[in-house]
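Since the structure comes first, as structure tokens, the remarks are kept for the end.
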Amino acid sequence: MSDLVRITDVSPRDGLQNEPGVIPTSDKVKLVELLCKTGVDEIEVTSFVSAKWVPQLGDGAEVLQRVHAWLHANWTKEELPGVPCLSMLVPNQQGMQAALRAHAGVSVEKIAVFAAASETFSQKNLNATIEESLERFRPVMEMARLACGQPIHVRAYISCVIACPFEGPISPEKVADVAARLIEIGADEIDLGDTIGVSTAENVSELLRVVTKRIGKEWLAKRSVGEYGLTLHLHDTFGRAAECVRAALDLGVRSFDGSVAGLGGCPYASKTLPDGTIQRAPGNIATELLVRTIHEAGYRTNVDLNALADAAAFAREIVAKSRAGAGS
Ligand code: HMG
Ligand code: MG
């Protein structure tokens, strides 16, 4: 099995989506530009969800257009194949149409739909049952297959793969059921999301065993663009994400998500505590920590840690600025 590991940085999407203060579009564009120079394989640039649900990412179309204009102006034809895959979240047909419109003249390489293994979380995040959400994704996957030029690849997230903030522990079999359904309707990649960061090396290993037994071990081997397989998306609430990465590498996982500076969290995983305070959803594993952990375990990535540190410093700066502005 290859020792090359695929890295997706989700900071422009997961990292920023829950920030309360205004982050200027130009800062989001600059963050993506810096990430383009790091060697990560993929950048999740934004979401095409309702701006009423996630106001922070309401400028997704503009971000994408400006990133493409920057690439066109600054990268030579020879360099362009080295640009990371640029992907975005799409919850339904309306989002898919908006994503296609935003790309006018540039082909969309990949989108991500997002389901959950918890009914309560699915309702809170998508205003739909798990079954209804899968029915919404079906025509989106169809549109991806029928896209002009080459087909658009589809990542399918499953949230709450270890536990749900509202329902508690989730069984690996439930996650495997949702994964199998997503593959049946056309997903090219399954991304297992530990939304609230409660993984341990033991429970994540058990999850991976059950899921790969159901969907087939061949999903682990796929990792290059065009043959996506199984990805792990960890949030790092208790500082255990790195040990989960090591356990997943041992089991053959070769694709991980991170967010520079450890930013992130789903707004619909935040909880109101009995005293009325809001417990914000936890951040993703920092891409810096993710890459270091992978290298220290004897595997390779295409990532330049110095360039990644520059992107992380900028991400920290824009979030600090926006939090100061929002008074939080
Ligand atoms: P809904 O209210 O049920 O939608 O929301 P609707 O179809 O009834 O439409 C209501 C309004 O939304 C209409 O507008 C639609 O046009 C509009 P109005 O007539 O009221 O002006 N609308 C849209 N607008 C823009 N883009 C769209 C769109 N669709 C409908 N695509 C909906 C359903 C899915 C839209 C909503 O629930 C939503 O946007 N949810 C997104 C939530 C979200 O983004 N959560 C964070 C990402 S998931 C995550 O972070 C987890 C992950 O990181 C993995 C992990 O860690 O576990 C991926
Ligand atoms: Mg997430």
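The values are calculated or read from the model by the stated rules, or taken from the named source; none is laboratory data. Since this is a predicted model, take the numbers as computed values, not measurements. So basically every Cβ, Gly included, is an ideal-geometry build from the backbone, and we count neighbours across all protein chains shown. For the accessible areas, the whole protein counts, side chains as well, though only heavy atoms, and no ligand, DNA or RNA atoms are used. Shrake-Rupley method; radii C 1.70, N 1.55, O 1.52, S 1.80 Å.
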* Asked: Just one of the numbered conditions (1) assigned to a loop (DSSP other than H, G, I, E, B); (2) open to solvent by 20 Å² or more (accessible area, probe 1.4 Å); (3) away from ligand 2 (no atom under 16 Å from the Cβ) is not true of Phe238; which one?
  -> (3)
* Can you find even one residue in region 234-254 that is within 26 Å of Gly82 (Cβ to Cβ) and among the small types (Gly, Ala, Ser)? -> no
* Go through region 10-50 and give me each residue that's within 16 Å of ligand 1 (Cβ to nearest atom), of a type in the set (Ser, Thr, Tyr) and open to solvent by 10 Å² or more (accessible area, probe 1.4 Å). => Ser50
* Looking only at region 210-221, and only at residues there that are open to solvent by less than 20 Å² (accessible area, probe 1.4 Å) and among the β-branched types (Val, Ile, Thr), the one that is nearest to ligand 2 (Cβ to nearest atom) -> Val211
* To do: For residues that are assigned to a helix (DSSP H, G or I), polar (S, T, N, Q) and crowded, with 19+ Cβ neighbours inside 10 Å, tally how many sit in region 87-101.
  => 0
* Asked: In the list Gly252, Gly283, Gly264, Gly325, which residue meets the criterion of being in contact with a Lys or Arg (Cβ under 9 Å, 6 or more places away or on another chain) and under 23 Å from Leu31 (Cβ atoms)?
  -> Gly264
* Within region 287-297, restricting attention to residues that are open to solvent by 20 Å² or more (accessible area, probe 1.4 Å) and aliphatic (A, V, I, L, M), which residue is farthest from Ile43 (Cα to Cα)? -> Ala297
* Restricting attention to region 201-209, does a residue exist that is open to solvent by less than 10 Å² (accessible area, probe 1.4 Å), away from ligand 1 (no atom under 15 Å from the Cβ) and either at negative phi or among the small types (Gly, Ala, Ser) (or both)? -> yes
